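These notes are about the structure you will find just below.
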Amino acid sequence: MRSTFFRVILGLLYISGLVFVGYVFTTAGEYYTLPLSERPRSPLHLHFKPGGLWGHGMGIIGSAMILLLFLYSARKREMFGLRWGKTSNWLNFHIFLGLMGPVLITLHTSFKFNGIVSISYYSMLAVMFSGIIGRYIYMQIPRDASGHTMSIQQLDKQDRMLTRMLREGYGLGDEVMRCIGQLSGAGLSVQRTGLAALLTLVVIDLMRPFRIQKLKRTLRRTRQNIPVRTVKAIIEVAKQKSLLMRKRAFMDSMKAVFHYWHVIHKPFAWVMIAIMFIHIIVALLFGYRWIF
């Protein structure tokens with residue numbers, strides 16, 4: 001029940017963010033495309049310049065979102081008494097902030113990137129894009145409902161259950177089971193480690209729709225007159241099994257990659273925060289205020 005409520009709230013946040021950004025571009029799109037020398041003569045300049053009512057406000061809100069990103073790290077370490085809520089929900093909120101914050105800060109800059117602040121901006125983009133990659137790596141490590149890494153024993157138990165369901169429940173033979181094994185790409189893990197393993201997973205994901213179609217053709221060829229509903233049910237179980245096989249096979253490689261990802265991700269975040277605070281302090285010293 002709580003998870004459903006959280007997904008609804010998160011969905012509303014994404015929709016609200018998209019609507020807001022769409023409104024800004026609809027209203028100020030013409031201003032953003034003007035040459036810098038002509039912008040001061042635009043009637044929109046007063047509101048959408050970096051120090052304007054809208055521009056400054058988006059900078060403040062975007063910066064607040066960037067700072068709130070650190071709540072996820074605090075929750076993982078149970079700092080400041082943060083023990084409530086699933087870490088997976090905190091991560092999803094962290095991702096929302098990590099996407100929406102940079103968008104608002106980009107609008108705050110009115111697409112002018114210069115000076116020392118540009119280092120913070122490009123560090124922020126590095127954090128955002130590396131975060132997207134990090135989320136992909138995180139999803140490759142098998143976890144239970146609480147977000148904890150699953151053991152080999154847990155994975156094997158779940159795999160045996162899915163195999164029994166496919167063989168005994170749906171009566172699938174060796175040929176179809178081989179197709180499911182190919183769908184997982186697990187056999188490639190022996191030859192791949194580190195970045196090569198990550199790129200292999202990306203290729204497997206890109207090839208996945210084609211292999212699913214091959215699995216469907218094999219099912220219809222080996223099981224004449226099989227109902228469409230049964231094919232869909234088998235495909236869903238096959239997807240679960242193939243993903244489980246893949247995660248088990250690449251688990252050690254992805255754990256290592258995830259460790260090195262942290263080493264790269266964190267320095268950009270600290271550079272971004274340090275220069276952002278310098279920018280805020282300088283702006284205050286020069287008398288820039290918003291609505292307060």
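The values are calculated or read from the model by the stated rules, or taken from the named source; none is laboratory data. In this text the structure is predicted, and so the values were computed from the model without any measurement. For neighbour counting, all protein chains shown are included, and Cβ atoms are generated from backbone atoms with ideal geometry for every residue, glycine included.
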Can we say Gly29 is assigned by TED's automatic domain parsing to the domain that holds Ile105, at pLDDT below 90 and surrounded by fewer than 16 Cβ atoms within 10 Å (Cβ to Cβ)?
yes
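Could you check how many residues of region 103-155 are polar (S, T, N, Q), farther than 27 Å from Met254 by Cα and part of a helix (DSSP H, G or I)? Give the derivation first.
Filtering region 103-155 for residues polar (S, T, N, Q) gives 106, 109-110, 114, 118, 120, 123, 130, 140, 146, 149, 151, 153-154.
So of that shortlist, the ones also farther than 27 Å from Met254 by Cα come out as 106, 109-110, 114, 118, 120.
Within this subset, residues satisfying the condition of being part of a helix (DSSP H, G or I) are 106, 109, 118, 120.
Final tally of qualifying residues: 4.
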Scanning for something without any contact (Cβ under 8 Å) to a residue 60 or more places away in the chain and farther than 30 Å from Gly101 by Cα, does region 138-152 turn up at least one residue?
yes
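Looking at this structure, is Glu175 touching a helix residue (DSSP H, G or I) at 6+ places or on another chain (Cβ under 8 Å) and either outside the structural domain of Ala233 (by TED's automatic domain parsing) or not polar (S, T, N, Q) (or both)?
Details: touching a helix residue (DSSP H, G or I) at 6+ places or on another chain (Cβ under 8 Å): yes; either outside the structural domain of Ala233 (by TED's automatic domain parsing) or not polar (S, T, N, Q) (or both): yes.
For Glu175, the condition - touching a helix residue (DSSP H, G or I) at 6+ places or on another chain (Cβ under 8 Å) and either outside the structural domain of Ala233 (by TED's automatic domain parsing) or not polar (S, T, N, Q) (or both) - is met.
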Sort through Ile66, Ile60 and tell me the only one that's hydrophobic (A, V, I, L, M, F, W, C) and either under 14 Å from the mean Cα position of the chain (by Cα) or within 18 Å of Ser130 (Cα to Cα) (or both).
Ile66
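Residue-wise test of (1) under 26 Å from the mean Cα position of the chain (by Cα); (2) free of Cβ contacts under 8 Å to residues at least 24 places away in the same chain.
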residue	(1), (2)
Leu97	yes, no
Leu125	yes, yes
Gly134	yes, no
Met161	no, yes
Note: among Leu198, Leu206, just one is out of contact with any helix residue (DSSP H, G or I) (no Cβ under 9 Å at 6 or more places or on another chain), outside the structural domain of Ser123 (by TED's automatic domain parsing), in a helix (DSSP H, G or I) and closer than 25 Å to Leu99 by Cα, namely Leu206
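From the set of residues in region 212-226 that are at pLDDT below 85 and on the phi < 0 side of the Ramachandran plot, which is farthest from the chain's Cα centre (by Cα)? Break it down into steps so the answer makes sense when it comes.
Restricting attention to region 212-226, the residues satisfying the condition of being at pLDDT below 85 are 219-226.
Filter again for on the phi < 0 side of the Ramachandran plot, leaving 219-224, 226.
Working: Leu219: 34, Arg220: 36, Arg221: 38, Thr222: 39, Arg223: 39, Gln224: 41, Ile226: 38 Å.
So the residue we want is Gln224.
Would you check if Leu36 is outside any helix (DSSP H, G or I), farther than 30 Å from Gly85 by Cα and over 29 Å from the mean Cα position of the chain (by Cα)? Reasoning before the result, please.
Numbers: outside any helix (DSSP H, G or I): yes; farther than 30 Å from Gly85 by Cα: yes; over 29 Å from the mean Cα position of the chain (by Cα): yes.
Criteria met by Leu36.
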Report yes if some residue within region 76-94 is basic (Lys, Arg) and farther than 26 Å from Gly11 by Cα; otherwise report no.
yes
Of everything in region 51-109, what is exposed (fewer than 15 other Cβ atoms within 10 Å of the Cβ), under 23 Å from Ile275 (Cβ atoms) and in contact with a Ser or Thr (Cβ under 8 Å, 6 or more places away or on another chain)? Give them in sequence order.
none
